[in-house]
Amino acid sequence: QVQLVESGGGLVQPGGSLRLSCAASGSISGANNMGWYRQAPGKQRELVANIAQGGYTNYADSVKGRFTISRDSPKNMMYLQMNNLKPEDTAVYHCNVARYDTLGYRVFSYWGQGTQVTVSS
């Protein structure tokens, strides 16, 4: 019954910026990991950025200094601000909300449908 919907993707020139949004509906109570992932055709899915317990943030080395993950819990929203975009950032971006137990096992994981980001001149 949980729904995650991404928005904000599009076509942008190198050096441009986009802000992705993820809106959650339904109960995501107990989630302790929230993040953005991306997958380009023919490539493996990769973690872009996530927020773990205590608000700890983690970024892929390739996006550090350019992307910022944030959340607005009262609004059930999560964002990814992407600046200085590069062609290699082109991918479908998905948001994810999950819970892992103390041993690291997944309790639940929800995914959005994805939003396309294309960086091209």
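The values are calculated or read from the model by the stated rules, or taken from the named source; none is laboratory data. As the structure is a computational prediction, the values presented were derived from the model and not from experiment. All Cβ positions, even for glycine, are placed from backbone atoms using ideal geometry, and neighbour counts span all protein chains on display. With ligands, DNA and RNA removed, areas are computed over all heavy atoms of the protein, side chains included. Shrake-Rupley method; radii C 1.70, N 1.55, O 1.52, S 1.80 Å.
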### Query
Can you name every residue in the stretch 25-44 that is buried (at least 16 other Cβ atoms within 10 Å of the Cβ), at pLDDT 95 or above and among the small types (Gly, Ala, Ser)?
Gly35
### Message
Within the stretch 2-22, does at least one residue satisfy the condition of being in a loop (DSSP other than H, G, I, E, B) and modelled with pLDDT under 95?
### Response
yes
### Query
Which ones in the stretch 1-19 are in contact with a Cys (Cβ under 8 Å, 6 or more places away or on another chain), open to solvent by less than 30 Å² (accessible area, probe 1.4 Å) and among the aliphatic types (A, V, I, L, M)?
Leu4
### Task
Being within 17 Å of Asp89 (Cβ to Cβ) and hydroxyl-bearing (Ser, Thr, Tyr) is the filter; apply it to the stretch 45-62 and report the residue that is surrounded by the most Cβ atoms within 10 Å (Cβ to Cβ).
Tyr59
### Task
Would you tally the residues in the stretch 23-41 being outside any strand (DSSP E or B) and over 16 Å from Val63 (Cβ atoms)?
8
#### Entry: Hits in the stretch 4-30 - residues which are more than 12 Å from the chain's Cα centre (by Cα), within 13 Å of Met77 (Cα to Cα) and in contact (Cβ under 8 Å) with a residue 40 or more places away in the chain
Ala24, Ser25, Ile28
### Message
Just checking, does the stretch 63-83 include any residue being more than 24 Å from Gln3 (Cβ to Cβ), open to solvent by less than 20 Å² (accessible area, probe 1.4 Å), of a type in the set (A, V, I, L, M) and modelled with pLDDT of 95 or more?
### Response
yes
### Query
Which residues, counting only those in the stretch 42-72, are among the acidic types (Asp, Glu) and farther than 18 Å from Cys22 by Cβ?
Asp61
### Task
Please work out if Val117 is surrounded by 14 or more Cβ atoms within 10 Å (Cβ to Cβ), assigned to a loop (DSSP other than H, G, I, E, B) and either polar (S, T, N, Q) or touching a strand residue (DSSP E or B) at 6+ places or on another chain (Cβ under 8 Å) (or both).
no
### Message
Take Arg99 and tell me if it is farther than 22 Å from Gln1 by Cβ, open to solvent by 50 Å² or more (accessible area, probe 1.4 Å) and part of a strand (DSSP E or B).
### Response
no
